[in-house]
Amino acid sequence: MFENLSDKLQRSFKNLRGQGTLSEENIADAIREIRLALLESDVNLNVVNDLVDHIRARALGTQVTTALSPSEQIVKIVHDELVNVLGKDTARFKTSSQPPSVILMAGLQGSGKTTTSGKLAQWLKKSGHRPMLVSVDVYRPAAREQLAIVARSTGSNIYEGDLKGETPNSDLVLRLAKEAKRDAANFGCDILIVDTAGRNQIDATLMDEMAALKKLLNPSEILFVADAMTGQDAVNSAKAFNDLLTITGSVLTKMDGDARGGAALSIRHITGAPIKFLGTGEKPDAFEPFHPDRIVSRIMGMGDIATLLERAEEKLDRGKAEQFAKKALSGDGFTLEDFRDQLRQIKKMGSMQSILKMLPSIGPFAGMAQAAENVDEGQLTRVESIINSMTNKERQDHEIINGSRRKRIATGSGTTVQDVNNLLRQYAQMRKMFKTMGSGGGLKAQQRMMSQMQGRQKFGR
């Protein structure tokens, strides 16, 4: 979702490239462009004014150094100020000394509270916790049923209660919450996630109910769930909830969408509460802690290699990866079956678009973010289907795949002979490339690439 803001900032920096020194005139031009980029990305006006004032003050007070060019100095200043806006450190998750710790989920209807509650439960389970879920939205039966489905899909505990014949009101909400907290303690659950009722807009009834829940449950966390696609509406809602409840953090959902990125910068600044998590997709595991420095790196076009490596560490089988690398670099090379296994490993990390967008858009990786927009995600599925339609003997020895075999494979995989030919050609090229690297022929090329990358680690180059 930060591509829009990233592109606009990159354009604002271009005008400074080639300048020998920083002057009031070229600083003013750059800041004008930065201001416009932030406003067009739906960043709150007050946030833009504060951010631009800080950037201007630092830029005018910066002593020109020979180590950084003018454009690099501005990029570094913008980078540092964005980190200040989003929070310098990754926010910690709070728990109470007396379990169960209560997490109160707040937000408007449609913001993704229910799905986020389930994702949070799964994330907590991976961290060694034993969470329980409860929906206190007694006004919409479908909401409680949705949470039950989410809980089953993630294998999480849920307290449903018996509400037959009960009148939906705030008294019932409080009773249900109290029963759920007692049930969580009885079953040894150390965290209770309370999915509250949402409204299409903020109203007095909703706020009174939230205040009563806070008083009853004494939550260790009050998380405001915001749909990042709603822009300034999310900021206004966050302020209203914070004024009443003093939220401890926020969760931005639909970060895989095409929102302009302003909500992320604005909510943190307006409420003073840290962003703690991001929802990055529909799957239960499409949920990650918010790292301000990594997000700023994405915005500045520097990628997010740290998150990419963490995702690889979590999703990939290291033993299989090492085995594949050893085989690929050997004289015999890797088979189509090995290739298929690696494709399956990569798919565990998420879409190719999300992976490519975490790579830097500078240096050797320039153009990767743009290339991500043209990725055909279905291509990986088609490649796997083609390999699945081969016999085991064909997967082990691609050279026996003649014309008649190619027709059979194409028919079996629902593709064309041309698709099969393209796969075999690309596979052969990859084998050749790996063998060259394994024999040492690619060593100098690798060293040159690493040297280029290290030489471009300065900001903005």
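Any read-out appearing in this document is the output of simple, stated calculations on the displayed coordinates, not a laboratory observation. Keep in mind it's a predicted model, so treat the numbers as computed, not measured. Cβ coordinates were reconstructed from backbone atoms using ideal geometry, including for glycine residues, and neighbour counts include every protein chain displayed.
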With x for Gly and Pro, the residue-by-residue ³J(HN,Hα) of the range 152-157, computed from phi through the Karplus equation 6.51 cos²θ - 1.76 cosθ + 1.60 at θ = phi - 60° and given in whole Hz, is 5, 5, 9, x, 9, 6
Based on the Cβ-Cβ distance of Ala321 and Thr416, what FRET efficiency does E = 1/(1 + (r/R0)^6) give at R0 = 41 Å, to the nearest 0.05? 0.85
Theoretical gain in end-to-end length, Lys94 to Asn169 [0.36 nm per residue, Cα-Cα removed]: 24.0 nm
Cross-link pairs beyond the 19 Å C-alpha cut-off, checked among Lys181/Lys283; Lys94/Lys178; Lys119/Lys215; Lys125/Lys283; Lys113/Lys215; Lys178/Lys214: Lys181/Lys283; Lys94/Lys178; Lys119/Lys215; Lys113/Lys215
Near the amide H of Gly279, under 5 Å away, which other amide H atoms are found, from residues 5 or more places off or on another chain, if H is placed in the peptide plane? Leu252, Thr253, Lys254, Met255
Considering every pair of different Cα atoms, what Kirkwood radius, in Å, is found for the range 173-292? 15.4
Taking H as built 1.01 Å from N, whose amide H comes closer than 5 Å to the amide H of Ala106, not counting residues under 5 places away? Leu223, Phe224, Val225
Per residue of the range 127-143, what does 6.51 cos²θ - 1.76 cosθ + 1.60 with θ = phi - 60° give for ³J(HN,Hα)? Whole Hz please, x for Gly and Pro, Karplus curve as stated. 8, x, 8, 10, x, 10, 9, 8, 9, 9, 7, 7, 8, 10, x, 5, 5
Across Lys320/Lys432; Lys126/Lys327; Lys327/Lys393, pairs whose alpha-carbon gap is larger than 24 Å: Lys126/Lys327
Give me the extension gain from Arg199 to Phe187: residue separation times 0.36 nm, minus the current Cα-Cα distance, reported in nm with one decimal. 1.2 nm
Can you list the residues, at least 5 places off or on another chain, whose amide H is less than 5 Å from the amide H of Leu192, using H built in the peptide plane? Ser101, Val102, Ile103, Met132
